[in-house]
Each structure stands twice: as C-alpha cells, then as structure tokens.
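Engineer: Below are the structure tokens for one structure; questions will follow.
The values are calculated or read from the model by the stated rules, or taken from the named source; none is laboratory data. Quantities reported herein were computed from a predicted structural model and do not represent experimental measurements. Positions of Cβ are backbone-derived with ideal geometry, glycine not excepted, and every protein chain shown enters the neighbour counts. To get the accessible areas, we keep the full protein, side chains included, count just its heavy atoms, and leave off ligands, DNA and RNA. Shrake-Rupley method; radii C 1.70, N 1.55, O 1.52, S 1.80 Å.
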Amino acid sequence: MGSPWKPFLLLSVISGLSEFAGAVAARPVSYAAVLRMKTDSSSALNSHGRPRQHHRGGLGTREWPVFSSHPLSSVSLLGSQEDDMSEENEEFGPFFIHEPDDIIFPLDSNEKKVVMHCEARGNPAPTYSWSLNRTEIDAEADYRYSIYDGNLIINNASVTSQYGMYQCKAENSFGTILSREALLQFASLAHFHTVTQIQTAFKEETVVNCTPPPHSPEIIYSWVFNEFPSFVAEDSRRFISQHTGNLYISKVQPSDVGSYICLVKNTVTNARVLSPPTPLTLKTDGIMGEYEPKIEVHFPTSVLAARGATVRLECFALGNPVPTITWRKINGNIPKKARLRKSQAVLEIPNIQLEDSGTYECKAENPRGGTAFKGHLQVYKQIHTATAMLFAALRVYRDLCRSCKYTPRDTSVTRRRVSPQLPTDRAPPFQSLLTFNKCSFSHYYCMLHTSFSSCYLQVRMKYWHHIASVLQVDKLPLIITDEYQIVIWCFDLRIDKITINMFLSGLVVSANQRILLLRNNTLRIVNSSRADEGSYVCRADNQFGSAEMTAVLWVKDAMRVELSPHRVEVTVGESVVLSCKATHDSSLDVTFQWFFNQRPITFQQDGGHFEYIQTESSTVDLMIRNILLKHAGRYGCRAQTSADTVIAEAELLVRGPPGPPGVVIVEEITDTTATLSWTRGLDNHSPISTYNLQARSPFSLGWQTVKTDPDPVTGDLESAMAVRLNPWVEYEFRVVATNAIGTGDPSVPSRGVRTKEAETVPSVAPANVSGGNGRRHELVILWEPVSEEFQNGEGFGYIVAFRANGTRGWKEKMVTSADSTMYKYRDETFPPLTPFEVKVGVYNNRGDGPFSKVVIIHSAEGEPKEAPSDVKAYSISASEIRLTWKPSPGPGRPKGYEVCYWKDMEQQEAGKKQRTVKNETTTILTGLEGNTLYQFTVKGFNSVG
C-alpha cells in the first residue's frame, strides 16, 4: 500500500503551476501571483515611499521590497483595470527598510550612547516600539532609552541592564511587523588571578595553564617568556591553544626553565592584560625516558560551522621524542584551500563549503608509537528567507494558502502572526504552508530561528466574475506501478454555485469499491491496475464559465529487487562482491544507487575500498576490497524507475582483531603486585582468546608487558594481577585483547598509582664506582645513581666507604640525596696519588642495603717536585735545535713538559716557550737564528701546577 514517496507523485500532477500561482490559482481569483527576484530596490518605491505601480495595457504590476538586507522579492498580479487603485491614495501596511544589527559596544568607549537602527515604510506612517529580551521597553518612563525616527538610543549602557536581544516593532492601522532580533554585547577584559608554580622533569611534557579573566567578546592568547616583549615561539615542541589558552610543551628542555606570562588581547578593543608570572623549574628526581604520544589538545568530536566561515581545527600531542602531527579526511581529500599552521598543529580551512563536511583525523606519531583523534565537521547553510509579500484580492471568509520558503532541510520553522494565533508545529522540508481561515484585515510574519521575514497581506472585498482559464495546465504524465493507491486532487474551489466532475476517457468517473470520490474533490483509487490508465479530467462549472485540469495516469508492472548474498561474514583484509538485480517493466529505464548504513556511497572518496561494477543493464555489483572493521554494517541497493523505487538490503559482518577493552581500574596495590579489572570490549565476531597486561613507569622504555597471575589471562576473565613489580614506583596500566584474527588496540591507560614500600632494604648497589683527579689532597669518588624503581621505599641514600690501601678500618660517610653521584673527601695528611680502597652502598628507612665491589681510586696528584734530568741539546741545522731529557721522578708525575729558550745575550724573561704533547721527553725548536748561542730550561707540569 502507501509508501513515503506517493504523495510526491501526487503533487507532480499540478507541478506546472508556479509555487505561488499554485496557491492562488487553486481558486479562481482575479489575481494570480508569480514570484520573481529583483535586486534594484530603487525601482520598487515611488517618490512617496510606497510601492510603485506600472500599467501595461490592462494588466497592473506591483513590486514590493522585503528587506533592505536581502534581495527584493516582487510579485506580478494579473487582473482587470477596474481593480487598479489610485497610487497616491493607496494605503498599505508597514515593511522594513532597515533592521537592527548585532552590536559589540566597548565599555571603555568615550561615547556613552548606543544606537540600534530601525526604519520602516507604510501608509499611514508607522509608529515604533522596542523590546529587550521579549519585554517591551517603556521609553517614556525609563530615562536611559529614547526613540527617534524608529532608532533606539541607549544612554549610559551597562552590561547588567542593557545586555540582550533587541527587537523593533513597526505598526500602523493596517497591522504590525517585527524586525529580526539583534544582540547587544559589551567588550570588556578584567584582570588575572594568581598563578602557581610548575615543576617538571627533564624531557617530560608540561602544560602551563592560562585561566583567562572575565572578558567579552573573544580574546587572543600569547605567552611571554621571562619578560616582555620576549614571546614564546611556537614550533613542533611548543603550542599555544587559542581554544584553552594554555601553553603545551612536549619534551621539556633546560632552556625552557624560566617564568611564563599569559597575555590576552581583546579582539574588539585591542586591550591587553598580562597574568602574573608562572615559574617553571626542573625536578631533581631523574630524567624521563621515551614514551609514546598523547594527544593533549584536539578539536571537538562534532564541529558545526556556517558556510563561508573559516574553521580552525587544533591538534597537539605531548611525547618524547616530539611527535609529528599529520591530518587526513576520512572518505575524502582535505580541501586544497586548507592550510597547515603552527608545525601542522592547526588545520585551517577558509571559506568553508558544504562539500567540506566530513570526518577529519589528526594523528600523532613518534618512534615509540602513535595515536589518533577523529571529529566530524558539519557545514550548514545559513538561513536566508525569500518570502514574497503577496498582494492578493481574496473574497472575505475564504481560505488562503501561502508559502514561506526556508533552508536548510533540517531547520524547524516557527510560524506566527501578531493577531490572531497561528499554529507553531514543525513544517515539512522546503515548504511551510500557512492556512488562514476567515481572513480579515491582518498582517503576518514568518520567523525562522533568528531570521525574520515580514509577510504583508491585505484582504479586499471582491466578488468573482467568472471562472478564468488559469486552472488549465498541460497534460502531466503520472507514472506508478500496480497495486498502489492513487490520489488525484482536484482543486478545492469554494466558489458560489459551482459544480465539479471527474472524467476518465470522456466518461464520468463513478464510485465503487476501489474508486472513492471524497468531499474535498479528491479521487482515490485503491489497488490500482492497468485498467485505471488514462486521462483524468477535473472540470468546474458555474454561470460564468468553466475550467479544466487534466492529468495522465500510466500504470506499470511493479519492480522487484534482489540483493545477494543477503548476509555474509568476512575477515579484515578480505574482499567481497554484493550483486543487485532488478526485475522491472521493460518500457522503463532503471538507475541504481548503493548505500552504506543508509548513507550514499561516494566511490571517489573512500580510499579505493568500494568499486561500482555494471554487469548488465538491470544488474550492478558492489565490490568491497581490503575490508576494514569500519565496513561492517548494512548495505542497501536502491533501484529507481520513473514509476517506483525499491530498496534491498544485505548485512556484512567483519571479523577482526578485538576492540580496546573498557576502563582499567586498579583495585588493590601492594609493593610488588597490582590487581586490575576492566570491561570487555568488542570481539568483532571472533572470540577473545587472551588478554595482555601492560605497564609503564617513568623508568621504562614505553609500555612493557608484565607477568600476571593467572598466566595466561584467558578471554573469559575481566580481572587479573600484575606481579613482579618494583616497590615504591608509580605505574600506569592498560590491557590489550587478542583473538584468532590478531591483537587489537589497547585500552585507555589507568590512572597513575604508586606501589607500596617494600618491607626490605634496597636490593641494588650503585654501579660503575670510579673517581680520581680533583684538587690537591682530595679523594673524588663517583658512581651511577640507583633508579627509584630499585630503592624499595622512602629515606633512600648512599653510604660511601673508603680506606687507604693497606690500612685497616673503613671510613663511612652518608650521602642523603638519592640523586647524588659524587662525594669528595679532603685530608692534607696523605700524599698525592695515594691509592684508596673504595665501595659505595645504599640504605633506606628499613636499613642498609648492599655495597658495590671494592675499587682502587687514587687521590689527587701534586705538582711535580723534581726537575727533569740529563738535558741535552743538538744542533740540527742553522735554524733548528733538538732537545732531549729524562722525566721527573717521584710523585706528581708530569703530564707534559715546557721548554723555555732565549739567546745568550738576552734575559730569561724574554725567552720563548714551547710545550710537548703529553709526556714526551724530546722536542725540536725551529725558527732559530744561525750562528747564535741559546740557553734552555725544561720543567714538568700536570693538572695541579
């Protein structure tokens, strides 16, 4: 029986009439309205500000402006000369020339007045009133308001009492119209509150928050480093979000240490405010290792933007190494006009259009892994009304059907009039039909969300003289399939003494079990067949004449569609073919369209997964290659002829790796174990076989699989214990599911939790104990610190033990800082380069831990005590001499030698110096004068002197 598209076929019977002619000509009136658009507003008004009237033979044309901010709509009215009225004496209701606009008023402006503009034309001249937030303003009682020539003047405007939506009303004796609503805002910028100090570890990420002060309207964020005007430069490691205002630093460097000041700027007044400085310091508890990216800033999951606007999508990730950001549009290409800003952290799309809608993805990657975020961008077309003011002569107490067109499809329409009350239910897409019963002198307007379209209607007392031929239209073929219900509407002509008949092939249509003639002149045929084909004529007669409307009806065989296979299961990476075959009337052509989850498939924008294949004229195939999990769902094939439309559906199930498990909760924690629970994720049509528990700490290289109890963790479990953890370490945990297809994505990490202190002393001693050098009489001891994960609890420190080689009894010194790597002992009683036995141990609140192995470390050396001996000189040439010597004995062995030489007739202080490389005991002096006597000294040196 009935399907959703049948009423549309019914309306096609009368589609030969224009949108407004259909509404007026449906009744034999003396004026038929035809809409046309006009852009020249000057031609629409005469010198008196009234609608201009032109005479062309016996036809009068009136042109009416709608809004000064929209193209002018005009209506041609057809009628006899006796209906023309005198232009000079014509009275009409008001219509707007200028409507109020949104205003942002700076509070610090020297001008304390705000003017909201409003101007309307009408005869008699209209009077004006204003409302604030739907409450009428009493300009006579409130000294802050005054109205001059329709404009509203606000004195000493303030945020508390004048902020809101303003609306202008113009009225005369013919009626009332309302303007669009205009928003009055106030530009302001307050001062910051205090900001706290931030500490971070080297190579760790950090976020410097900027909580903006109260402001209006929008502000722009920037950051000052240390002092103004040194601004933070944004790059792949640093990002300033214009959404949150925060400064994000991925992988903190020592150069980032300092004070940060948030600067905000008002976009209207250009006023600037600086926050108090936020100090950023480095922690002393270690260096962060590498870890995978974490998207810290991203755009909303659903972004709604008006067509023509500029959209900025932010995406920035923290991680070490610094992540790289990439963008893509799912099932399509990023618009060529788009630009990547701030090291690809911002995707900017100017002049956005409807075709730019879609799902956008930003992905952050580094060598440790990757993560992605997706959000849907929906572009909508702003509402624009094109409502013609219909100047129609109607008989009093008869119906009028008028149109108020609007966009977009999904916009709801509120319909009102000043008096009397109109219904406010939702209207069907693209046409809102208002029916006014028992019309009298009234004025109407249509409100579409925030847009107003004032519709002026004047009702006159007229009598019908005859039935004109305006009802005659061309024969329109109405094609349907058999067994459907047909409804043919003959215009509802409510005219005195009129007779309406319906004819089929020249014979009067008689009612029977299948054919019904309803009171509203509608012909209904149930269970149609080929016998119902023919030309249907609706004829209206009275004493003044007659008019006819003809519709041609064709009945075709019903179409059938088969989609196979009806249900199919595949595995990720495989391919499948769906075949759609239509059986239909041979006289009709058929077209096909494929759908996925009720949305049309765009074959050029799906990354090559979908292919449309035409095998025969009535058969098409859909090939899906390299199937992904997202391709699971319902696929539809729509076959359409000029008679009917049939849709067949098939279900595609995709087996793949499991989805991520749900939230991971740490239910119990000990010094070496953590009991975890999680919720089951999607198994994607393949049962989960096992779960892997993973952990990461500040000391691990990313995520590591941990030992569990039980082992393995089978797919029917939703709880397990992570074992062999280190005491007194902060961990994050996540869970990964595996099935026969593969391993899925991990769950979201749990909150960070620290294991408890161990009941034992530290178990790991410092490594790589060494030392030496230093200043005279110093013993310098070095070691590598013990990681926090092996300290087993609070109160951790080091015990440095040493003794001179060959002596008995150890000297022990306590080093309380867990980050210390060096200890210096000074004693002037022991000679340079004295060998010491050294070991370094650990302790915590539970007691002393193990010591490292004993190593030999020498104290610092002294300066050389004895001069080199056996110095000899050999003349090599007229300009070269070779010197040799024996090294200095005893402690303070030299690391090199310095040779000083001068002429025999000169003082030693005027001599030149030359040092040997390392501790060599020979050198060659060059550049000397021939036949000249030289004197020499040689002395040793080391790091002490």
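Engineer: First check a/c for region 235-351, with a ≥ b ≥ c the square roots of the eigenvalues of its C-alpha gyration tensor; if it is under 1.5, answer rounded, and if not, answer prolate when a/b is larger than b/c or oblate otherwise.
Structural biologist: Oblate is the answer for region 235-351, as a/c is 1.5 or above yet b/c matches or exceeds a/b.
Engineer: Once you have the Cα-Cα distance between GLN614 and SER230, take 0.36 nm times their residue separation minus that, and quote the gain in nm to one decimal.
Structural biologist: 131.8 nm
Engineer: Using a 1.4 Å probe, how large is the accessible area of MET165, given in Å² and rounded to the nearest 10?
Structural biologist: Surface open to solvent at MET165 totals about 60 Å².
Engineer: Once you put a point 7 Å from the Cα of SER586 and another 7 Å from the Cα of LEU518, both along the Cβ direction, what distance in nm separates them?
Structural biologist: For the pair SER586/LEU518, the computed spacing is 3.8 nm.
Engineer: Sticking with this one: For region 836-903, run through the GluC sites (Glu not before Pro) and keep only the ones in DSSP coil with at most 15 other Cβ atoms within 10 Å of their Cβ.
Structural biologist: Of the GluC sites (Glu not before Pro), the ones in loops of region 836-903 whose Cβ has at most 15 other Cβ atoms within 10 Å are GLU866.
Engineer: Once you order the gyration tensor axes a ≥ b ≥ c over the Cα atoms, which shape class does region 663-754 get: rounded for a/c under 1.5, otherwise prolate or oblate by comparing a/b with b/c?
Structural biologist: Cα axes put region 663-754 in the prolate bin.
Engineer: At a Förster distance of 45 Å, what's the computed FRET efficiency of ALA767 paired with LYS294, Cβ-Cβ distance as r, to 0.05?
Structural biologist: The pair ALA767/LYS294 has a calculated efficiency of 0.90.
Engineer: Further, regarding this structure: Restricting to DSSP loop positions (anything but H, G, I, E, B) with no more than 16 other Cβ atoms inside 10 Å of their own Cβ, which trypsin sites (Lys or Arg not before Pro) remain in region 857-945?
Structural biologist: LYS865, LYS895, LYS918
Engineer: Here is a follow-up. Classify region 767-859 from the C-alpha gyration tensor, please: rounded if a/c falls under 1.5, else prolate or oblate depending on whether a/b exceeds b/c.
Structural biologist: Taking the square roots of the gyration eigenvalues as a ≥ b ≥ c, region 767-859 is prolate.
Engineer: Which order do HIS631, HIS243, HIS98 take when ranked by solvent-accessible area (1.4 Å probe, heavy atoms of all protein chains), largest first?
Structural biologist: Ranking HIS631, HIS243, HIS98 by accessible area, largest first, yields HIS243, HIS98, HIS631.
Engineer: I've got another one for you. For region 94-184, state which chymotrypsin sites (Phe, Trp or Tyr not before Pro) are in a DSSP loop and have at most 14 other beta carbons lying within 10 Å of their beta carbon.
Structural biologist: Those that pass, being in a loop and sparsely packed, are TYR143.
Engineer: In whole angstrom, note down how far apart the Cα centers of region 808-833 and region 219-251 are.
Structural biologist: Using only Cα atoms to place each centre, the spacing works out to 46 Å.
Engineer: Another question, if that's okay. Go through LYS251/LYS329; LYS113/LYS169; LYS853/LYS918; LYS283/LYS824; LYS853/LYS939 and tell me which ones have a Cα-Cα distance over 30 Å in this structure.
Structural biologist: LYS853/LYS918; LYS853/LYS939
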